[in-house]
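Reviewing the structure listed below.
The values are calculated or read from the model by the stated rules, or taken from the named source; none is laboratory data. All of these numbers come straight from a predicted model, not from anything done at the bench. Cβ: placed from backbone, ideal geometry, glycine included. Neighbour counts: every protein chain shown.
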Amino acid sequence: MITQDLDAIGLLCPLPVLKLRKRLAALSPGDCIAMRADDPAAIVDVPHFCAEAGHTLVETQEEGAAQVYLVRKGG
C-alpha cells in the first residue's frame, strides 16, 4: 500500500534522493512511498540510498522516460 507519492521529474542528482530522504523521515516504519524520477543517476542512487539507510527498494518500474521507485521505510 502506497502511503505517499513523490514527483522528482526534472530534478538532478542529488535532489531526488534528498527529497526521498526527507519524505521518508515523516513516515512510519513499513510505510511505502512511490517516487518518479527521470534523472539517470537515480538508477544507482536510489538503491544505494535504500541499502545504506535501511529502507527496502520494493520495486522499480519504467514509466515512459521515467522510473518509479517503490520504497518501504525501514524501522
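On the basis of being hydroxyl-bearing (Ser, Thr, Tyr), assigned to a strand (DSSP E or B) and modelled with pLDDT under 95, does Thr60 make the cut? Give the derivation first.
Values: hydroxyl-bearing (Ser, Thr, Tyr): yes; assigned to a strand (DSSP E or B): yes; modelled with pLDDT under 95: no.
No.
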Note: among Asp45, Asp7, just one is in contact with a Cys (Cβ under 7 Å, 6 or more places away or on another chain) and without any contact (Cβ under 8 Å) to a residue 40 or more places away in the chain, namely Asp45
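I want to confirm something. Restricting to segment 7-57 and keeping residues that are aliphatic (A, V, I, L, M) and in a loop (DSSP other than H, G, I, E, B), which single residue is surrounded by the fewest Cβ atoms within 10 Å (Cβ to Cβ)?
Initial filter on segment 7-57 (aliphatic (A, V, I, L, M)): 8-9, 11-12, 15, 17-18, 20, 24-27, 33-35, 37, 41-44, 46, 51, 53, 57.
Narrowing further to those that are in a loop (DSSP other than H, G, I, E, B): 9, 11-12, 26-27, 41.
Details: Ile9: 15, Leu11: 16, Leu12: 13, Ala26: 11, Leu27: 16, Ala41: 13.
Within segment 7-57, the match that is surrounded by the fewest Cβ atoms within 10 Å (Cβ to Cβ) is Ala26.
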What do you reckon, is Gln67 exposed (fewer than 13 other Cβ atoms within 10 Å of the Cβ), modelled with pLDDT of 95 or more and assigned to a strand (DSSP E or B)?
-> no
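Please work out which residue is nearest to Gly54 (Cα to Cα), limiting yourself to segment 16-33 and to residues that are hydrophobic (A, V, I, L, M, F, W, C) and touching a strand residue (DSSP E or B) at 6+ places or on another chain (Cβ under 7 Å).
Step one: filter segment 16-33 for residues hydrophobic (A, V, I, L, M, F, W, C), giving 17-18, 20, 24-27, 32-33.
Checking which are touching a strand residue (DSSP E or B) at 6+ places or on another chain (Cβ under 7 Å) leaves us with 20, 24, 27, 32-33.
Working: Leu20: 13, Leu24: 11, Leu27: 14, Cys32: 13, Ile33: 14 Å.
Checking each candidate, the answer is Leu24.
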